[in-house]
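Colleague: Quick one: the structure is below, questions incoming.
The values are calculated or read from the model by the stated rules, or taken from the named source; none is laboratory data. Everything numeric here is computed off the predicted structure, so don't read it as measured data. Cβ sites come from the backbone with ideal geometry, for glycine too, and all protein chains shown count toward neighbours. Areas reflect the complete protein model, heavy atoms only, side chains present, ligands, DNA and RNA absent. Shrake-Rupley method; radii C 1.70, N 1.55, O 1.52, S 1.80 Å.
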Amino acid sequence: MEEMLDNGEITRKKFTDICTSFYNVCINYLKDWTASNQHIPELNSLSWIFMLQTNEISWSNLKLSINFVKSKLNIVLNEEELFGQFKLFEKLIKEKSTEWHSLTFEEKWISIFKSFKETNTDYSTLLKLIEFAFVLPGSNAVVERIFSLMNNYWT
């Protein structure tokens with residue numbers, strides 16, 4: 001710091017302003033990140049999408065998902081279409097073998113959507129809900145990376 005000051009590369013005021021700005025960005029990010037976690041209990045309404053237990057796959061669980069995406073995210077879903085698509089989805093799952101149930105949930109959805117496509121069945125409304133669930137971050141790696149960058153900056 002002293003060397004940079006002596007060489008005229010930076011002033012104490014400029015350095016203080018940069019540090020204060022960086023600090024404010026970090027604090028605002030953490031506030032936003034904390035605020036975004038308020039929906040975690042509601043996000044549990046999407047757990048049926050992982051198809052871990054067949055008893056989770058019910059219209060009442062799907063209805064919780066619909067309410068969440070409608071109220072919080074302004075995603076418009078036609079419930080009548082979705083109900084019909086869900087009933088076909090539910091029927092497909094019941095017809096699947098034990099081996100199918102050991103697949104990853106991504107592989108299961110690929111199989112389900114292939115079945116819909118092969119029978120020329122519309123699944124666009126169900127797909128909206130599934131797409132939303134699939135874009136949710138699966139880890140906090142981005143947050144950890146920011147903390148790492150902050151640590152490097154301070155070092």
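Colleague: Glu81 - would you say it is over 16 Å from Glu42 (Cβ atoms), part of a helix (DSSP H, G or I), touching a residue at least 24 places away in the same chain (Cβ under 8 Å) and open to solvent by 70 Å² or more (accessible area, probe 1.4 Å)?
Modeller: Yes.
Colleague: Still on this structure, please answer the following. Just to verify a result, which residue in region 118-130, among those that are open to solvent by 80 Å² or more (accessible area, probe 1.4 Å) and in a helix (DSSP H, G or I), is nearest to Glu79 (Cα to Cα)?
Modeller: Result: Lys128.
Colleague: Also, quick follow-up: Taking region 84-105 as the search range and keeping residues that are of a type in the set (A, V, I, L, M, F, W, C) and in a helix (DSSP H, G or I), which one is surrounded by the most Cβ atoms within 10 Å (Cβ to Cβ)?
Modeller: The selected residue is Phe89.
Colleague: Ser97: over 18 Å from the mean Cα position of the chain (by Cα) and modelled with pLDDT of 90 or more, yes or no?
Modeller: Judged against the criteria, Ser97 is not a match.
Colleague: Identify, by number, the condition in (1) modelled with pLDDT of 85 or more; (2) over 25 Å from Gln53 (Cα atoms) that Thr104 doesn't meet.
Modeller: (2)
Colleague: Another one. Here is a list of conditions, (1) among the β-branched types (Val, Ile, Thr); (2) assigned to a loop (DSSP other than H, G, I, E, B); (3) out of contact with any helix residue (DSSP H, G or I) (no Cβ under 9 Å at 6 or more places or on another chain), and Val142 meets all of them except one; can you say which number that is?
Modeller: (2)
Colleague: Only one residue in Ser111, Ser115, Ser148 is open to solvent by less than 50 Å² (accessible area, probe 1.4 Å), free of Cβ contacts under 8 Å to residues at least 24 places away in the same chain and within 30 Å of Thr16 (Cα to Cα). Which one?
Modeller: Ser148
Colleague: Taking region 11-45 on its own, how many of its residues are at pLDDT 75 or above and over 18 Å from Phe147 (Cα atoms)?
Modeller: Residues flagged as at pLDDT 75 or above and over 18 Å from Phe147 (Cα atoms) within region 11-45 amount to 9.
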